[in-house]
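Report on the structure given below.
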Amino acid sequence: MSLCLTRDELTELARTPRKAGQVAFLRQNGIRHYLDAHGWPVVTRVAVEGERDQVQSVKTWKSNKAA
């Protein structure tokens, strides 16, 4: 599995083969991306799928009021 989405995967995600349409879709949906030297959007898998091994710690509430 590669680090970035393929062009076919990006086309399927954005539902358009046009790079301008893909960029507009990514911006409207807040998906982090960058443009390569040819103007095509590049999206990392983490930006779409999230991190799999991410452990969310549960923070306990602690009063900051002096007793």
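Throughout, read-outs are computed from the coordinates displayed, never taken from laboratory work. Please read all numbers here as calculations on a predicted model, not as lab measurements.
Can you pull the percent of Cα pairs in the range 7-49 with separation above 15 Å?
Beyond 15 Å sits 29 percent of the P(r) for the range 7-49.
In degrees between 0 and 90, to the nearest 10, how far off the longest principal axis of the chain does helix 19-28 point, with axes built from Cα atoms?
20 degrees
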